[in-house]
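Comments concern the structure below.
The values are calculated or read from the model by the stated rules, or taken from the named source; none is laboratory data. Nothing here was measured: the structure is a model prediction, and the numbers come from that model. Cβ placement follows ideal geometry from the backbone for every residue including glycine, while neighbour counts extend to all protein chains displayed.
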Amino acid sequence: MKDEIIIAGFGGQGVLSMGKILAYAALENNLEVTWMPSYGPEQRGGTANVTVILSDEPISSPVLDTYDTAVILNQQSLDKFEGKVKPGGVLIYDPYGIHRAPTRTDITVVSVDAMEATIEMGQAKSYNMILLGALLKMRPDVPVEAVVRGLKKALPERHHHLIPVNEAAIRRGMDLVK
Amino acid sequence: MKGNEAIAHAAIRYGADGYFGYPITPQSEVLETLEALMPWETTGMVVLQAESEVSSINMVYGGAATGKAVMTSSSSPGVSLMQEGISYLAASELPALIVNVMRGGPGLGTIHPSQSDYFQATKGGGHGDYHLIVLAPSTVQEMADFVALGFDLAFKYRTPSMILADGIVGQMMEKVVLPPQRPRRTAEQIKEQCPWAVTGREGSRKRNVVTSLELDSAVMEKNNERFQRTYREIEKNEVRYEARYTEDADYLIVAFGSIARICLKAIEDARKEGIKIGLVRPITLWPFPFDAIREAARNVKGILCVEINAGQMIEDVRLAVSDRVPVCHFGRMGGIVPNPQEVLDALKKDFINK
């Protein structure tokens, strides 16, 4: 099993932390994992992306040119990464703020109204977890229970009371995928 | 955890006595993690944010002169500032660990990954005839492991050693097994291990002087001869490298650090197309694995040296094979990291579809 994932969007949307939680969940599930951020002076507002590789074998390159799975949170990232999903791969995106939808037909494109669901749930900060839920539905690389354990590791203890909210968001994201 | 965090954890677990540093991207997490872990309350390790890189390296000099296990970390522009101190450490035969998480230069350059300090790290960097033992980690695990290795080699040979990493392995997270906690050495153990250290003279011990200054040229030449003997000894004993797929290879890639992993993926992809490429990854950049590369290159049609710089290690690769095999360079600069496909395309262009 190997899943080469790119998660991309604006800084502040929780792109890097979503990758981090997935990475910790994979560790909990005894997988090999690499998490490689696009680091830089790109805080809120700029673009940010992270490459997460999950595998049951040792991972060579942490840097990739094509991906099995893409989770796309803004137009710039869609423009940049749509063409880099491997044929047969999965592209998950939130249509909120997207004015040019994906056009590829050789991949599975999944539209997830995560922003809408976030507003409905009144939990702006769990936006990324809704998308993580959608990702886990399409790519059941790790069980939700491992993600919850991953959350415990990725979040500082003072935020542990928010884990149930995040778990609810993950399950909501899973339900959003038809 | 991140490679930079692994360095911090490994330093505490090694039983290091002190860390002196100044923040700079992409390695600020080293100091940040040490400050968060507060080892001064557990092992007694000193962690100090100095006012600059120049003072950091001179604090390292001071600590090292007393036989303590001390270290610093920085990134390219900061390591340039440290060169005077590093030359003094080498000349005073002091063990210390310096970590350089390279970013793109020259000048302040970029904060993104680079390997353009290869020359600086392996060919001296500061003034005078000296070498550092240079270790190039390619995984977060090696970031952790090379802290102990770097310190051990530094103490064994009384010479500073350097971990030459890059922004990729510093910033990326992966699985790591940390070494067990070792106690810091006691004052008695330091006196026994480092009889040269300035530890406060008690009783009749001869006075220890730690200095790089020697105005008598005859003595200074003797000192240099002693340094060179140490370097020959290190070259004999401490060469480290990793060879993959070299037995049946038609082409060879030589790459170090995280770039070697990108090349490994290119090599595995190429094997699916029937192109047989081998990899030699120097782990010690100094001493350089000349023999291993010569051996691996015996039956190959060409060598591609992949580095994220304009071509620095390629000079040592050429020396290794004495230009009996064509050697080409592929690299990106300024913080750009090539992907596996670019590496494979470069190899095909240079050797297969030329």
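Here is a list: B:88, B:130. Which entry is over 20 Å from residue B:333 (Cβ atoms), modelled with pLDDT of 95 or more and part of a loop (DSSP other than H, G, I, E, B)?
B:130
State whether one or more residues within the stretch B:277-293 are over 26 Å from residue B:237 (Cβ atoms) and surrounded by fewer than 23 Cβ atoms within 10 Å (Cβ to Cβ).
No - not one qualifying residue is present in the stretch B:277-293.
Among the numbered conditions (1) touching a residue at least 60 places away in the same chain (Cβ under 8 Å); (2) farther than 24 Å from residue B:247 by Cβ, tell me where residue B:349 comes up short.
Checking residue B:349 against (1) touching a residue at least 60 places away in the same chain (Cβ under 8 Å); (2) farther than 24 Å from residue B:247 by Cβ, the one that fails is (1).
State whether the residues of the stretch B:239-257 include one that is without any contact (Cβ under 8 Å) to a residue 40 or more places away in the chain and part of a helix (DSSP H, G or I).
no
One line per residue, one yes/no per condition, for (1) part of a helix (DSSP H, G or I); (2) touching a Pro at 6+ places or on another chain (Cβ under 7 Å); (3) β-branched (Val, Ile, Thr); (4) surrounded by fewer than 22 Cβ atoms within 10 Å (Cβ to Cβ):
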{"residue": "B:143", "(1), (2), (3), (4)": "yes, yes, no, no"}
{"residue": "B:147", "(1), (2), (3), (4)": "yes, no, yes, no"}
{"residue": "B:156", "(1), (2), (3), (4)": "yes, no, no, yes"}
{"residue": "B:176", "(1), (2), (3), (4)": "no, no, yes, yes"}
{"residue": "B:179", "(1), (2), (3), (4)": "no, no, no, yes"}
{"residue": "B:184", "(1), (2), (3), (4)": "no, no, no, yes"}
{"residue": "B:188", "(1), (2), (3), (4)": "yes, no, no, yes"}
{"residue": "B:201", "(1), (2), (3), (4)": "no, no, no, yes"}
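In the stretch B:257-283, what residues are farther than 30 Å from residue B:93 by Cα, away from every other protein chain (no Cβ under 11 Å) and touching a strand residue (DSSP E or B) at 6+ places or on another chain (Cβ under 6 Å)? Show your work before the answer.
Let us first name the residues in the stretch B:257-283 that are farther than 30 Å from residue B:93 by Cα, namely B:258-280.
Narrowing further to those that are away from every other protein chain (no Cβ under 11 Å): B:270-278, B:280.
Passing the criteria: B:270, B:277, B:278, B:280.
Whether any residue in the stretch A:68-82 is at pLDDT below 95, within 14 Å of chain B (Cβ to nearest Cβ) and closer than 29 Å to residue B:336 by Cα is what I want to check.
yes
Can you give me the number of residues within the stretch B:240-256 that are more than 16 Å from residue B:329 (Cα to Cα) and within 14 Å of chain A (Cβ to nearest Cβ)? Walk me through it before giving the result.
Filtering the stretch B:240-256 for residues more than 16 Å from residue B:329 (Cα to Cα) gives B:240-250.
Among the residues that remain, those that are also within 14 Å of chain A (Cβ to nearest Cβ) are: B:242, B:244-245.
The number of residues fulfilling the criteria is 3.
Within the stretch A:18-110, which strands (runs of 3 or more DSSP E) (wholly inside it) include 1 or more residues that are surrounded by fewer than 17 Cβ atoms within 10 Å (Cβ to Cβ)?
Hits in the stretch A:18-110: A:32-37, A:85-93.
Exactly one of (1) under 18 Å from residue A:137 (Cα atoms); (2) within 14 Å of chain B (Cβ to nearest Cβ); (3) without any contact (Cβ under 8 Å) to a residue 24 or more places away in the chain is unmet by residue A:38. Its number?
(1)
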